[in-house]
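The values are calculated or read from the model by the stated rules, or taken from the named source; none is laboratory data. Just so you know, these numbers come straight off a predicted model, no measurement behind them. All Cβ positions, glycine included, derive from the backbone under ideal geometry; neighbour counts span all protein chains shown.
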Amino acid sequence: MRSEIRTAIITVIIVAVAMGGIGYYFTTLDKQKESTAPIQQTEQNPTPIQQVNQKPGITKSVPQVDESQFPVAPDLVGISGYINTTPDQLKASMKDKVVLYDFWTYSCINCIRTFPYLKAWNEKYSDKGLLIVGVHSPEFEFEKDINNVKMAVSKYGLTYPVVLDNDHQTWDAFGNRYWPAEYLTDSLGHIRHTHFGEGSYDETEKVIQQLLDERNQRLGLNSTVDQSVVDIKEHQFANQQTPELYFGYEFASGRDFLGNSEGFQSNQVVTYSLPLGLQQDHFYLDGQWQNLPDSMKLVSQSGKIVLQYYAKDVHIVAANKADLQILLDGKPITSSDAGADVQNSVAHIQENRLYNLVSSNSAGQHTLTIVAQPGFEIFTFTFG
């Protein structure tokens, strides 16, 4: 073979080998890039799964969530006071936390009955990334006093941050309308769960656990979340029950349960007399009572409130110092029916708050009579 031909063949072979090597190199590089690239969502795989450490050697699958589909929680605005925190401390503590905003007011029996769950969740999850913020949005004027709110926070053992939303600016920013109300956000601040009123505690706790798992994944934390739920006996409501009854003329619009023919008279002192017949679920006054926007105050030397109701428990929201004689079905209430704030058939009103007058073994129809002293102020009847 001529030397020129032999040289040409050898050159072709060398070039072919070189080109093959180069192709193999770039193919390997592309595979390495693919193996490190994030998983893309497709029609077949809309919610890709990533692995997060639960315990050494154990992984937990946590679905990715497109948080952008959920609204971002508004800022806390119009806050007039802080309890268990300061503005700077609260702002810093909210960063990267799952936040439970609890809208409450301290004289609300429905709010009070949620406290055992909130306290249990705070104890169980606060070191796992949950922050509870109590947003105290008052219903009555006396609930705007920070000293009264501090009294309630201490009484009920609330250790998480509480802010005073006295002008309902944060309430309005959330579009809230209820006590209690729970707004639960993920660690990026998106509202992922809401619940209004009592109940559904297991459901709310499961969402807390889910959002804490998502937080762990986002922050790359090697942390586990206990998947059990707190074991607390839930309040049992009767099949039927007298509705909440308001004494303030501004609160009674559309829900007027004052049975006296004299009715509400704005900012007036009215002399009320008990009629011969009483209507169920209406309250009746005897004596001279001053009509106020959110309450009524006894101004005569003697006065009564009479109510025919159906319930197990009866509470009042009351203010000013007074001793009240409590009668049930015309007789001094006995210890078997007396509420937690009644001793020897007498309720001692000392603070502006909710008082439990009746706590019977079962729901039933009864007539409650309150014999009051001058200066006694009442805002509402609530039942359970």
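Condition check ((1) without any contact (Cβ under 8 Å) to a residue 60 or more places away in the chain; (2) closer than 28 Å to Leu276 by Cβ) across all residues:
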site: Gln288; (1), (2): yes, yes
site: Ala311; (1), (2): no, yes
site: Ala340; (1), (2): yes, no
site: Ile378; (1), (2): no, yes
| said: Take the conditions part of a helix (DSSP H, G or I) and crowded, with 20+ Cβ neighbours inside 10 Å and apply them to Tyr125. Does it pass? | reply: yes
| Unique match (being loosely packed, with under 12 Cβ neighbours inside 10 Å and closer than 22 Å to Val314 by Cα) among Asn267, Asn260, Asn239, Asn222 | Asn239
| Taking segment 327-384 as the search range and keeping residues that are acidic (Asp, Glu) and touching a Leu at 6+ places or on another chain (Cβ under 8 Å), which one is nearest to Gly197 (Cα to Cα)? | Asp341
| query | Within segment 287-306, is there a residue that is of a type outside the set (D, E, K, R) and more than 30 Å from Gln268 (Cβ to Cβ)? | reply | no
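Quick grid of which residues meet (1) within 16 Å of Val99 (Cβ to Cβ); (2) among the small types (Gly, Ala, Ser); (3) in contact (Cβ under 8 Å) with a residue 60 or more places away in the chain:
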| position | (1), (2), (3) |
| --- | --- |
| Ala120 | no, yes, yes |
| Asp127 | yes, no, no |
| Leu130 | yes, no, yes |
| Ser137 | no, yes, no |
| Phe140 | no, no, yes |
| Val153 | no, no, yes |
| Tyr156 | no, no, no |
| Leu164 | no, no, yes |
| field | Among (1) free of Cβ contacts under 8 Å to residues at least 24 places away in the same chain; (2) surrounded by 17 or more Cβ atoms within 10 Å (Cβ to Cβ) - the single one Gly248 does not satisfy | value | (1)
| For segment 312-327, does any single residue satisfy the condition of being in the same structural domain as Phe264 (by TED's automatic domain parsing), more than 25 Å from Val149 (Cα to Cα) and either charged (D, E, K, R) or crowded, with 19+ Cβ neighbours inside 10 Å (or both)? | yes
| query | If only one of Tyr309, Tyr272, Tyr284 is under 31 Å from the mean Cα position of the chain (by Cα) and either buried (at least 17 other Cβ atoms within 10 Å of the Cβ) or outside the structural domain of Glu141 (by TED's automatic domain parsing) (or both), which one is it? | reply | Tyr309
| message | Lys206 - would you say it is farther than 30 Å from Lys331 by Cβ and out of contact with any Leu (no Cβ under 6 Å at 6 or more places or on another chain)? | response | yes
| note | Taking segment 328-350 and keeping residues buried (at least 16 other Cβ atoms within 10 Å of the Cβ) and at negative phi leaves Leu328, Ile333, Asp337, Ala338, Gly339, Asp341, Val342, Ala347, Ile349
| Which listed residue, of Asn222, Asn260, is in contact with a strand residue (DSSP E or B) (Cβ under 9 Å, 6 or more places away or on another chain) and at pLDDT below 95 | Asn222
| field | For Val162: the one exception among (1) of a type outside the set (S, T, N, Q); (2) farther than 24 Å from Asp294 by Cα; (3) touching a strand residue (DSSP E or B) at 6+ places or on another chain (Cβ under 6 Å); (4) surrounded by fewer than 20 Cβ atoms within 10 Å (Cβ to Cβ) | value | (4)
| field | Filter pass, Ser253 being in the same structural domain as Leu118 (by TED's automatic domain parsing), of a type in the set (S, T, N, Q) and surrounded by fewer than 16 Cβ atoms within 10 Å (Cβ to Cβ) | value | no
